[in-house]
Every structure is written in C-alpha cells, then in structure tokens.
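Novice: Structure below; questions to follow.
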Amino acid sequence: MRKLLFLLLLLPTVIFAQNSWINIQLLTDDYPGETSWQITPPGGSPIIIGDDSITEANFLYDTIVELGGDIIVSIFDSYGDGLSASQWGGTDGWFLIQNDCQDTIMYVAGDFGASFIDTLTIAPCAPPAPDVPGCID
C-alpha cells in the first residue's frame, strides 16, 4: 500500500516534468562579471548554473533546456544594481525565460538590486521543431 501511495504521489510530478522545455536568454549589461544565475527544483540543489564572469559585455546568451514542473529561478548581481548599466552611460541587460506554450514565463530587466528570485511552474509543452534546412516537402 505504501508503494502504491508513493507511486501515486510521485507519478504526477514525473509526468508533469516530462516533455517540456524552456528557452533561456540573458543579455548581459556592460558588467557581465557581476552577473550569475541558477535554476533549482524546490528543495533541491541547482541543476543549471550560469556564471557570466568570462562573457563579453552586451552578449546574448540563448539556449533551450528540456525542463518542466516547478523551478526556482535566481539571478544575482554582485555589485547590487541588477542588469542596469544605463545609469553609467552603458546598456542595460535583461533575463528572459519563455516557451511556445506559455510565452513569456519570466522577464527581469534593469535594476533589480542584488538578487531576484522567483518560483515558476513550467507546463508541459511539446519541444520546438528542429530547424531543417531546405525544402521538407
């Protein structure tokens, strides 16, 4: 009986987390060495960590990750001004998480201080079609 109860509690989490994805984009500001971010399941350790200390200023980081269910997204700025550089004559940055089913799930830009942390639910979403060059007719 315990195994069945455990399976019934675990099954929705496993099913919900499958067949989903997110597109993560980060446009660094003029000070990318100050920026880091991570994605963590609730109560777990980070599964994706981004550290832009070696990235060029105003670089667009763009990747697709197979991931679903509840996640905690954290973005940090060691200087404490978020992705804001325009106050010093530079270009502000932004951080975006989206997919085709939910559109924009999270968008953070400008001065959010030293950290911005949010819990998101990524709904099931069929993966994007691969780019196939030429005619597929």
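The values are calculated or read from the model by the stated rules, or taken from the named source; none is laboratory data. Being a predicted model, the structure only gives us computed values, none of them experimental. Don't worry about glycine lacking a Cβ; one is built from the backbone with ideal geometry, like all the others, and counts go over all protein chains shown. These accessible areas exclude ligands, DNA and RNA; they are computed on the full protein's heavy atoms, side chains included. Shrake-Rupley method; radii C 1.70, N 1.55, O 1.52, S 1.80 Å.
Novice: Would you check if D77 is of a type in the set (D, E, K, R), open to solvent by 20 Å² or more (accessible area, probe 1.4 Å) and either more than 17 Å from Q25 (Cβ to Cβ) or modelled with pLDDT of 90 or more (or both)?
Specialist: Here the answer is no, as D77 does not meet what is asked.
Novice: Looking only at residues that are of a type outside the set (D, E, K, R) and over 23 Å from L120 (Cβ atoms) in segment 80-99, which one is most open to solvent (accessible area, probe 1.4 Å)?
Specialist: W88
Novice: May I ask you to list pairs of residues, at least six apart or on different chains, whose Cβ atoms are under 9 Å apart, with the first in segment 37-50 being among the aliphatic types (A, V, I, L, M) and the second being in a loop (DSSP other than H, G, I, E, B)?
Specialist: Taking only residues 6 or more apart or on different chains, the pairs are I39/P46; I39/I47; I39/L67; I47/P41; I47/L67; I48/L67.
Novice: For segment 17-32, which positions are open to solvent by 30 Å² or more (accessible area, probe 1.4 Å), of a type in the set (A, V, I, L, M) and within 16 Å of I71 (Cα to Cα)?
Specialist: Within segment 17-32, just A17 meets the criteria.
Novice: Do we have any residue at all in segment 84-94 that's closer than 19 Å to Q25 by Cα, in a strand (DSSP E or B) and either in contact with a strand residue (DSSP E or B) (Cβ under 6 Å, 6 or more places away or on another chain) or without any contact (Cβ under 8 Å) to a residue 24 or more places away in the chain (or both)?
Specialist: The answer is yes, given that some residue of segment 84-94 is closer than 19 Å to Q25 by Cα, in a strand (DSSP E or B) and either in contact with a strand residue (DSSP E or B) (Cβ under 6 Å, 6 or more places away or on another chain) or without any contact (Cβ under 8 Å) to a residue 24 or more places away in the chain (or both).
Novice: So, in segment 33-56, of the ones that are part of a loop (DSSP other than H, G, I, E, B) and surrounded by 15 or more Cβ atoms within 10 Å (Cβ to Cβ), which residue ends up modelled with the lowest pLDDT?
Specialist: D52
Novice: Determine whether segment 64-71 contains at least one residue that is exposed (fewer than 14 other Cβ atoms within 10 Å of the Cβ), of a type in the set (V, I, T) and either in contact with a Pro (Cβ under 8 Å, 6 or more places away or on another chain) or part of a loop (DSSP other than H, G, I, E, B) (or both).
Specialist: Checked segment 64-71: at least one residue is exposed (fewer than 14 other Cβ atoms within 10 Å of the Cβ), of a type in the set (V, I, T) and either in contact with a Pro (Cβ under 8 Å, 6 or more places away or on another chain) or part of a loop (DSSP other than H, G, I, E, B) (or both).
Novice: Suppose we keep only residues that are assigned to a loop (DSSP other than H, G, I, E, B) and of a type in the set (D, E, K, R) within segment 100-131. Which one would you say is surrounded by the most Cβ atoms within 10 Å (Cβ to Cβ)?
Specialist: This residue is D111.
Novice: While we're on this one: What's the total number of residues in segment 25-69 that are within 13 Å of L96 (Cα to Cα) and of a type in the set (S, T, Y)?
Specialist: 3
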